[in-house]
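Right, one structure below, let's go through it.
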Amino acid sequence: MNDDYLKKIYKQKIKELKKHNELYYDKSKPIISDSEYDKLKNEIIKLEKKNNFLNDISSPNKSVGFKPSKSFQKYQHKVSMLSLSNAFDEEDLKNFEKKIFNYLNKKADIEYSVEPKIDGISASLTYKNNKLISGASRGDGKTGELITENLKTIKDIPKKINLDNFTKEIEIRGEVFIKKKEFLKIKDNFANARNAASGSLRQKNPEDTKKIPLNFIAYSFGYIDNRNFKKQSDFLYQLKKWGFKTNSENIILKSINELIAFHKKFESKRFNLDYDVDGLVYKVNDLDLQTRLGFTSNSPRWAIAHKFSADSANTKIINIDIQIGRTGALTPVAKVEPVNIGGVIVANASLHNEDEIKRKDIRIGDIVKIERAGDVIPHVIEVDKSKRLKNLQKFTFPSKCPSCGSDTIKEYNKTTKKYDAVRRCLNDGFGCERIAIEKLKHFISKEALNIDGLGKKVIEKFWNLNLIKKPQDIFKLNFNLIQKLDGWGEQSVNNLKLSIEKSKKVSLHRIIYSIGIRHIGIENAKLLSDNIKSISNLIEIIKKNKLDNFLSLDGIGETQITSLKRFFSKQSNIQILIELEKILNIESYQSIKNGALKNKTFMITGKLEGISRAEIKSLIEKNSGTTLSNISKNLNYLVVGNKPTKRKVDDAISLGIKIISQDDLKKLFD
Ligand code: IVH
């Protein structure tokens, strides 16, 4: 069979599979039997296995084998299920511990609970009055899918706990996974064991979940109504007594050196284990310390995942594409001859940035080593120069934006006194086609407006059809026209209408974040929103050139202000705010303002005893206060520590601002 013919057959089968996926998962109306469906899937996988060049993104071999079924109910986790930041080497670990010391303002011996990081699917089980009442997948961390019945088929999960000391209400978290030897029996149907577990967990019928033997290992808790243990290791011990499986490899270690030695030993041992592990998790063992350390926006400060080294393979670079991101960054991506790395077919690999290509002298036609670690995008590690053909040209990075033709620049960083490694299109905003499309994808994404039904592909399609060019266009869509488009029907259009309608009620900080301005992440958006209170105020501030006023907010600096100024220097970008204000029902952001420091502003000067700046700032915020970085009439208290800045104290005196000590501040908290 020639390649073109194979490609044609393969494409037909993929199209067929997509149709049945939609019928099964979205419409819950399958028209073929499960075995016919499995047969089709196997045929696709077999074709791919024999022919490397067949690798459609919708292949059942890619990513998670099953799309989350819309037929599952949503479940709001009582405490968010966050992810972990990663460490790859000793330096990352030292930095992790240094940040802990800085936050706690002291160097101390820290005890870590060390646990293998099983590569499965996390789940959260809620127990009330000794009974398992619900079980959910992680989802986006805040909302998961309710998969209680499927989880109940797992024998490791206790359904009832007949012990008096069991907490009245608790969310128990852990990993659902499939053992290696079980995976071997079904490996033809899935890319890897994780996909098999994920697919099995999301079956519509729990009887199907039962068919694939799943396991559960417990390792943490979310909500708990009465915590009567002090350490993570005590909790793991309790879990075992309550009847949960915990990992027999769990261990307590006391220093970075011990962690590194253990990691090294474990890395070779991992292949003998009966389940896939992709690293070790280190958690500060003391739970009170964990509470003090808290979280950054998406991961805890008190834990880190130390990954094992990645799988790699050699392949040839066919081309270098330049992708343009939401904030204008030009990112080179190597298109490579598809290669199987650890069970996943890889056809694209990141080249990071212009400097990286120069440094490694990467050329089109080179044979390169590509590495893939966990879910991280595969990247090019090195060029095999011994295999380089003589006539290969050096790669010239474009100096103009490949999308809109505007000039590009590498920004100069005043702090590091270096030019940025990343080149950016100067036309940041909605004027550059690629940037605009990426901004729109961000606007509708889960973390932003979360418009279900308007995925990335739909945005691309609607852009090409001139239906959406700016965020405001989303709210003026012509649904009659959409219903006539290929792939759309009455039901899907109604769902889209509904989710767009739902997204119109939005908090001010979320809308500021959604616009996708560089350097304005969700935390900065909250700070701004807390200060401006309404979108019309923001428009006023922009029009009156008063964005510099935000410099007084602790957390907003020159970088953010320059970015805001650049974005709003274009009238069309201000117009977006004006239009959105008309269409949306924007609620101003209210961080729970009932604490003792409600409506009070603070500034700290000098060193405080036993507490870091970061921790005191977060304590003030937890108690509903705000910290400012400048002295102004808006400041209520100047907290003076050891060796304060004289000018700040003088300014505070002259403006009549109350000057207090660390003890006075403590009394205010009480
Ligand atoms: S603790 C906030 N402990 O790793 C802390 N996670 O990137 C959350 N995982 O989604 C997780 N083994 O699926 C924790 N012993 C362990 C773990 C573990 C595997 C997974 C879990 C989570 C991901 C975090």
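The values are calculated or read from the model by the stated rules, or taken from the named source; none is laboratory data. Everything numeric in this text was worked out from a predicted model, so none of it was measured. Because the Cβ atoms are built from the backbone with ideal geometry, glycine has one as well, and the counts that use them run over all protein chains shown. When the accessible area is computed, the model is the full protein with side chains, heavy atoms only, and any ligands, DNA or RNA have been set aside. Shrake-Rupley method; radii C 1.70, N 1.55, O 1.52, S 1.80 Å.
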Report H379's accessible area, 1.4 Å probe, all protein chains in place, as a number in Å² to the nearest 10.
-> 40
Karplus-derived 3J(HN,Hα) from phi for the range 144-154 (6.51 cos²θ - 1.76 cosθ + 1.60, θ = phi - 60°), whole Hz, x at Gly and Pro, runs x, 9, 7, 10, 3, 5, 5, 5, 5, 6, 7
Under a plain spin-label model, where a point goes 7 Å from the Cα along Cα-to-Cβ, how far apart in nm are K265 and E169?
-> 4.3
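Which value at 222 nm does the chain reach when only helices count, each DSSP H run of 4 or more adding -39,500 (n - 2.57), with the total divided by all residues and rounded to the nearest 500 deg cm²/dmol? Could the numbers behind the result be given before it?
Working: 23 runs with 234 residues, N = 670.
Helix-only estimate at 222 nm: -10500 deg cm²/dmol.
If Rh is defined by the Kirkwood formula over all Cα pairs and Rg also comes from Cα, what ratio Rg/Rh do you get for the range 327-467?
Taking Rh as the inverse mean 1/r over Cα pairs, Rg/Rh reads 1.01.
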Given q = 0.07, 0.09, 0.11 Å⁻¹, what are the Debye log10 I(q)/I(0) values for the chain, with equal point scatterers placed on the Cα positions and solvent ignored?
-> -0.56, -0.98, -1.52
Enter the accessible area per residue of the chain (Å², integer; probe 1.4 Å; all protein chains in place).
-> 52
Kirkwood Rh over alpha-carbon pairs of the range 399-509 plugged into Stokes-Einstein at 10 °C, 1.306 mPa s gives a D in µm²/s of 100
Let me know the shape class of the range 102-205, please: from the alpha-carbon gyration tensor, a ≥ b ≥ c as square roots of the eigenvalues, rounded when a/c is under 1.5, otherwise prolate if a/b is greater than b/c, or oblate.
-> oblate
Roughly how much of S83 is accessible, in Å² to the nearest 10, using a 1.4 Å probe?
-> 50
Under 12 Å by backbone N from the virtual spin label 7 Å along Cα-to-Cβ at E579, the residues of the range 468-489 are 468-477
Answer in debye to the nearest 20: the dipole magnitude of the range 532-655 about its Cα centre, from +1 Lys/Arg and -1 Asp/Glu charges placed on Cβ, is 220
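Rounded to the nearest 5, what % of the DSSP beta bridges within the range 556-670 are antiparallel ones?
Working: 1 of 11 bridges.
Within the range 556-670, antiparallel bridges account for around 10 percent of the total.
Give me the net charge for the shell around I653: Cβ to Cβ below 12 angstrom, other residues only, Lys and Arg +1, Asp and Glu -1. Present the calculation step by step, with values, prior to reporting the outcome.
Details: positive: K646, R647, K648, K658; negative: D650, D651.
Taking every Cβ under 12 Å from that of I653, the sum is +2.
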Spacing of the two label points (7 Å from each Cα toward its C-beta) at K159 and K11, in nm = 5.0
Between rounded, prolate and oblate, where does the range 138-190 land on the alpha carbon gyration tensor, with a ≥ b ≥ c its root eigenvalues, rounded for a/c under 1.5, else prolate if a/b exceeds b/c?
-> oblate
Tell me, what HN-Hα J-couplings in whole Hz come from the Karplus equation 6.51 cos²θ - 1.76 cosθ + 1.60 at θ = phi - 60° for each residue of the range 453-462, using x for Gly and Pro?
-> x, 10, x, 4, 5, 5, 4, 4, 5, 5
What is the extension gain from K78 to F475, computed as 0.36 nm multiplied by their sequence separation minus the C-alpha to C-alpha distance, in nm to one decimal?
-> 139.8 nm
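About its Cα centre, what dipole magnitude does the chain give when the only charges are +1 on Lys and Arg Cβ and -1 on Asp and Glu Cβ, stated in debye to the nearest 20?
Working: 122 positive and 84 negative charges, 115 e Å.
Roughly 560 debye for the chain.
Give me the percent of the accessible area of the range 296-394 that comes from carbon and sulfur atoms, probe 1.4 Å, all protein chains in place. Kindly include the intermediate steps, with their values, before the conclusion.
Numbers: 2170 of 4700 Å².
Within the range 296-394, the accessible surface is 46 percent carbon and sulfur.
Quote to one decimal, in nm, the extra length available between R227 and F669 on full extension: 0.36 nm per residue of separation minus the C-alpha distance between them.
Taking R227 through F669 to full extension adds about 156.7 nm, to one decimal.
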Quick one: which residues, 5+ away or cross-chain, put their amide H under 5 Å from the amide H of Q323? H built at 1.01 Å from N.
-> T331, V333
When only DSSP loop residues count, what trypsin sites (Lys or Arg not before Pro) in the range 299-401 have their Cβ near at most 14 other Cβ atoms within 10 Å?
-> R388, K390, K394
Would you list S312, S552 from the most to the least accessible area, probe 1.4 Å?
-> S312, S552
Would you mind checking which residues have amide H under 5 Å from F295's amide H? H placed 1.01 Å from N; only 5 or more apart, or other chain.
-> R301
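Can you give the translational diffusion coefficient of the range 534-670 in µm²/s, computed by Stokes-Einstein from the Kirkwood radius over Cα pairs at 10 °C and 1.306 mPa s? Kindly include the intermediate steps, with their values, before the conclusion.
Numbers: Rh = 16.9 Å.
Here the translational diffusion coefficient equals 94 µm²/s.
Give me Rg over Rh for the range 247-317, both radii from the alpha carbons and Rh done the Kirkwood way, two decimal places. Before the final figure, lay out the partial values.
Numbers: Rg = 15.3 Å, Rh = 14.4 Å.
Rg/Rh: 1.07.
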Can you give the alpha-carbon Rg of the range 610-666 over 2.2 N^0.38 Å, where N counts its residues?
-> 1.10
Rounded, prolate or oblate: which fits the range 171-277 when a ≥ b ≥ c are the square roots of the eigenvalues of the alpha-carbon gyration tensor, with rounded for a/c under 1.5 and prolate only if a/b beats b/c?
-> oblate
Whenever you get a sec, compute what percent of the accessible area on the range 120-273 sits on carbon and sulfur atoms (1.4 Å probe).
-> 50
Distance-filtered residues of the range 252-274 - backbone nitrogen under 18 Å, label point 7 angstrom along K180 Cα→Cβ = 263-274
Grab every C-alpha pair in the range 398-459, bin the distances at 10 angstrom width from 0 up to the longest one, and report whole percents.
-> 21, 34, 31, 13, 1
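Given R₀ = 30 Å, what would the calculated FRET efficiency be for I133 paired with N623, taking r from the Cβ atoms and rounding to 0.05? The partial results should precede the final answer.
On the way: r = 34 Å, r/R0 = 1.12.
After rounding, the FRET efficiency stands at 0.35.
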Nearest 5 is fine: what % of DSSP beta bridges in the chain come out antiparallel, could you say?
-> 80
Per the charge dipole of the chain (beta-carbon charges, Lys/Arg positive, Asp/Glu negative, Cα centre), the residue among Q203, I317, N226 reaching farthest to the positive end is I317
With the full set of protein chains in place, find how many percent of the accessible area of the range 499-611 is carbon and sulfur; take the probe as 1.4 Å.
-> 47
Karplus-derived 3J(HN,Hα), 6.51/-1.76/1.60, for each residue of the range 89-100, Hz, glycine and proline x = 8, 4, 4, 4, 5, 4, 4, 4, 5, 4, 4, 5
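Stretch K394-K658 to full length: gain in nm at 0.36 nm per residue minus the Cα-Cα span?
Values: separation 264, 0.36 × 264 = 95.04 nm, distance 6.39 nm.
Working it through step by step, the gained length comes to 88.6 nm.
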When the dipole is taken about the Cα centre of the range 371-490, and only Lys, Arg (+1) and Asp, Glu (-1) are charged at their Cβ, what size is it in debye, to the nearest 20?
-> 660
Amide hydrogen neighbours beyond the local backbone of I660, cut-off 5 Å, H modeled | L638, V639, V640
Size of the range 533-584 along its principal axes in angstrom, Cα-based, largest extent first?
-> 31, 23, 17
